[in-house]
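Asker: The structure's right below; bear with me while I get my questions together.
The values are calculated or read from the model by the stated rules, or taken from the named source; none is laboratory data. Computed from a predicted structure; not experimentally measured. In this analysis, Cβ positions are derived from the backbone assuming ideal geometry, glycine residues included, and neighbour counts consider all displayed protein chains. Calculation scope for accessible area: heavy atoms of the full protein, side chains included, ligands and nucleic acids excluded. Shrake-Rupley method; radii C 1.70, N 1.55, O 1.52, S 1.80 Å.
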Amino acid sequence: MFRFCCAQDPRETRPPADPLMGGDRAVASLKADLSPEATILLPGDPAYLTNRNQMWNHDNTHNPAAIVVVRSTKDVQAAVTHCRSNGWEVCVAGGRHSLLCMVHNSVVIDLGKLNEVQVDVENKTVTVGGGTKLGKMDKACDEASNGTLATVAGHNPDTGVGGLTLAGGYGHLCRAFGLTIDNLLEAEVVLASGEVVRASEEENADLFWGLRGGGGNFGIVTRFVFRLHQIPPKLVYTNRVFLPLPCLFNCETAVSQVRAYMEESDDRQMCTAVIPGNGPLVFDTIWVGECAEGWKEVKSLDAAVKSPFFPPVTRAEKPYHSFLQNIVSETLQPPGFYYMRSKLLTSLEEGLALALWGHSRKAPTGSCLLIITTTKGKMNEIPEDATAFAGREGKYLLLVLANWSDQKDRAACVQWARECDGVLAPFVGDQQADYSTAVLEERNTLTTAEEEKKGAAVAGAFGKNLERLRELKRKFDPENIFHLNSNILPA
Ligand SMILES: Cc1cc2nc3c(=O)[nH]c(=O)nc-3n(C[C@H](O)[C@H](O)[C@H](O)COP(=O)(O)OP(=O)(O)OC[C@H]3O[C@@H](n4cnc5c(N)ncnc54)[C@H](O)[C@@H]3O)c2cc1C
């Protein structure tokens, strides 16, 4: 319904990257240390352009100085070592869902081919390469277990396991099983020194703590091992759409009822409200538990949220991996031009829900979205200092997704997304960390004031864990080699 074609491509407008320091000799020296399958793509090479443009968000116009397509952990070691010795700026591309995976003049270490997945059904673990996308991991779990084993992964199969995990990781299963990091058992990491280490509760426990929420600050993760959970082969799913037809139906009443239901809902019920610009209210639920209990919950839901006769409500049993994990990707989040902000909310008052509905009426395009999803549950039970992730009190995740296909709409879309902060302010104050401001603003285009705001947002995002993270940064990356991220400055 919300698909579109991109009419213009502003990615061709930015000047090419500066030549790499050290020139051809330095590139040849790196090449000699890489495996034969690894490639170095330079500006002018057609494969460079194809690779650079493989980003979910087309609003990135940056031209890196080189893209190193690695094939092994050893290749990552070589790339990091050569970047350090040549003074090349390190950039890491995983699933490429953020803007910071392709930065102007940097050397991009492309992890896309490190995407092997191994499922151990007996021990209930899944091991994935650092550049694996969620869809590939989910599919492997599905096939190995007939759809009955899963870990907590995000809603879009195109998102990278790497970036998602290092930032925390929410998904349909998080109310029941915690964040993705709460299910991480082990990671293999290439440090700034070029050394490869393993991090787990038993080995390099301080690094393991920092990886779980500290982003890409401490090294490049080449392998993740996650715990798998038993789930029923099908889960009870409902979908209802409230069309904004004022003479027939009062959408504000539906917003209030949906909000009240989300507030009271059981931790096994994943709830997501999606509001497209000037469009309907769409409300989905997934019961993460046995279907018999799920159907009982549907009765409570039907009583709490009065639905219109049209369109009919969907109530069905659906497989988790092959259906539920693919709901949003194609229709709501195809690759294109985006500006995103996200907020973890500790409460969702009725006034806020209605204010957000009102803001959605002002969206400049119909493909701008507000998405509110429940996160409360298991993640709230884990102490704030147990991992680097500092948002344990979060109960809802609000995603503001401004999207346009015509560049003339860009400024209005960005402004609309930013104005959402003003809508939130009376309800959440300034205590809420805005993770995406820190990571999604385009470098080189920030004004001084925005840079300061970004620094404050980073500090806010890590909250009480910031000082401990800064000490860790000094230990593992004192020169701040890995800084193209939500950057933690070494203590
Ligand atoms: C359409 C869309 C849907 C999303 N849905 C969800 C969701 O359901 N749940 C959720 O929790 N989040 C979600 N997110 C947020 C997403 O998790 C973050 O944007 C994440 O950073 C994307 O990771 P990536 O690997 O795809 O991106 P990239 O842009 O490749 O990487 C993001 C950052 O992580 C670093 N990085 C990536 N891989 C590694 C690695 N192996 N080692 C070290 N550093 C690494 C990169 O350097 C970069 O700084 C979504 C984002 C988008 C755009």
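Asker: For Leu114, which sequence-distant residues (separation of 5 or more, or a different chain) have an amide H within less than 5 Å of its own amide H, given hydrogens modelled in the peptide plane?
Answerer: Answer set, sorted by chain and number: Gly131.
Asker: Let me ask something else. Roll a 1.4 Å probe over the protein chains and send me the accessible area per residue for the chain in Å².
Answerer: 40
Asker: Here's something else I'd like to know. Whole Å is fine, so just give me how far the alpha carbon centre of the range 299-324 lies from that of the range 358-417.
Answerer: Here the answer is 23 Å between Cα centres.
Asker: Report the label-to-label distance for Glu419 and Ser35 in nanometres (one decimal), using points 7 Å from each Cα along the Cα→Cβ vector.
Answerer: Here the modelled spin labels are 5.1 nm apart.
Asker: Which cross-chain or sequence-distant (5 or more) residues have an amide H under 5 Å from the amide H of Thr125, H modelled 1.01 Å from N in plane?
Answerer: Those qualifying (amide H under 5 Å, at least 5 residues apart or on another chain) are Asp120, Leu228.
Asker: Within the range 281-304, find all residues whose amide N lies under 16 Å from a label point positioned 7 Å from the Cα of Leu243 along Cα-to-beta-carbon.
Answerer: 281-283
Asker: Hey, another quick one. Name the shape class, rounded, prolate or oblate, that the alpha-carbon gyration tensor gives for the chain, where a ≥ b ≥ c are the square roots of its eigenvalues, rounded holds for a/c under 1.5, and otherwise prolate holds if a/b is larger than b/c and oblate otherwise.
Answerer: Prolate is the answer for the chain, as a/c is 1.5 or above and a/b outweighs b/c.
Asker: So, one more: Could I get the Rg over Rh figure for the range 96-173? Both from C-alpha atoms, Rh via Kirkwood, rounded to two places.
Answerer: That ratio equals 1.01.
Asker: Here is a follow-up. At 7 Å along Cα-to-Cβ for each site, give me the label-to-label distance between Glu350 and Lys299 in nm.
Answerer: The two pseudo-label positions are separated by 2.7 nm.
Asker: Round to the nearest 0.05 the FRET efficiency obtained for Glu393 and Arg474 when R0 = 22 Å and r is the Cβ-Cβ distance.
Answerer: Here the calculated transfer efficiency is 0.20.
Asker: Quick one: 3J(HN,Hα) in Hz for the range 332-348, Karplus 6.51/-1.76/1.60 with θ = phi - 60°, rounded, Gly and Pro as x.
Answerer: With the stated coefficients, the range 332-348 comes to 9, 9, x, x, x, 9, 9, 9, 10, 9, 9, 9, 8, 9, 8, 7, 10 Hz.
Asker: I need to check one value: relative contact order of the chain, counting alpha carbon pairs closer than 8 Å and at least 6 residues apart, in percent.
Answerer: Here the relative contact order equals 15 percent.
Asker: Can you work out the Karplus-derived ³J(HN,Hα) for every residue in the range 312-321? Use 6.51 cos²θ - 1.76 cosθ + 1.60 with θ = phi - 60°, whole Hz, and x for glycine or proline.
Answerer: Listing the rounded values in order: x, 6, 8, 9, 7, 9, 10, x, 5, 5 Hz.
Asker: So how far, in whole Å, is the C-alpha centre of the range 224-290 from the one of the range 328-350?
Answerer: Here the answer is 14 Å between Cα centres.
Asker: If you roll a 1.4 Å probe over the chain with all protein chains in place, what percent of the accessible area is carbon or sulfur?
Answerer: Here carbon and sulfur together make up 54 percent of the probe-accessible area.
Asker: Can you list which of the GluC sites (Glu not before Pro) found in the range 41-150 are DSSP loop residues with at most 10 other C-beta atoms within 10 Å?
Answerer: Glu122
Asker: Taking the Cβ-Cβ separation of Asn250 and Glu381 as r and a Förster radius of 45 Å, what is the calculated FRET efficiency to the nearest 0.05?
Answerer: Step by step, r from the Cβ atoms, then E = 0.75.
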